[in-house]
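Below: the structure, in C-alpha cells.
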Amino acid sequence: QVHLEESGGGLVQSGGSLRLSCVASGRTASVSTMGWIRQAPGKEREFVARIRRRDGTTNYADSVKGRFRISRDNTKNTVYLQMNSLEPEDTAVYYCEAGGTPGLTPAQAMDYWGQGTQVTVSS
C-alpha cells in the first residue's frame, strides 16, 4: 500500500500562486508515476498533470499548460504542483495520485489517491 498526503492548498486571489506538495509513504518503490487531479463543485474529476518518477517526463492538461508546473523530489518521495496565474476556474479540491505503471496519459489508471486539499481562487 501507498499513502499519499497533500498540503499547500488555500485561498488566493486571481492571478496569484500556490504550491501544492504530496508526500508518498509505504511501498513507494512500487510507484512509477505521480500526479494531480482536481474536482470542482458539481463537476467530475479532471486530469491536471503527471510526472514519471524515473526520468521526470511530464504531461499537462491543456487548461493548465504554461501556468502550472509539476516536479518531483525522489529523495523525499514528494511531488509538487506549482500553480501560477491562478483563475477562479481553478477552484477545486486537488488530489494527489500515484500509480505503478509509467504511463502519463489521463487514460492510464492510477492506483492510489490522497484525501485532497482545497484550492480556492477569488475573483
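Using a probe of 1.4 Å on the protein chains alone, the accessible area found for Lys65 is around 120 Å². Per-residue 3J(HN,Hα) values for the stretch 117-122, derived from phi via the Karplus relation 6.51 cos²θ - 1.76 cosθ + 1.60 with θ = phi - 60°, read 9, 7, 10, 10, 10, 8 Hz in sequence order (x marks Gly and Pro). Computing FRET efficiency as 1/(1 + (r/R0)^6) for Ser30 and Ala107, where r is the C-beta to C-beta distance and R0 is 25 Å, gives about 0.75.
Classify the chain from the C-alpha gyration tensor, please: rounded if a/c falls under 1.5, else prolate or oblate depending on whether a/b exceeds b/c. The shape class here is prolate. Applying the Karplus relation 6.51 cos²θ - 1.76 cosθ + 1.60 with θ = phi - 60° to the stretch 62-77 yields 3J(HN,Hα) values of 4, 5, 10, 4, x, 10, 9, 9, 9, 8, 9, 10, 5, 5, 10, 6 Hz, where x marks Gly and Pro. In a shell of Cβ-Cβ distance under 13 Å around Ser32, excluding Ser32 itself, what net charge do Lys and Arg (+1) and Asp and Glu (-1) give? Surrounding charge for Ser32 is +3. The phi-based Karplus calculation (6.51 cos²θ - 1.76 cosθ + 1.60; θ = phi - 60°) puts the 3J(HN,Hα) values of the stretch 99-109 at x, x, 10, x, x, 10, 7, x, 6, 6, 5 Hz, whole numbers, x for Gly and Pro.
The values are calculated or read from the model by the stated rules, or taken from the named source; none is laboratory data. Treat the numbers as computed from the prediction; the structure is a model and nothing was measured. Here Cβ is always computed from backbone atoms with ideal geometry, including for glycine, and neighbour counts include all displayed protein chains. Just the protein is used for accessible areas: all its heavy atoms, side chains included, with ligands, DNA and RNA removed. Shrake-Rupley method; radii C 1.70, N 1.55, O 1.52, S 1.80 Å.
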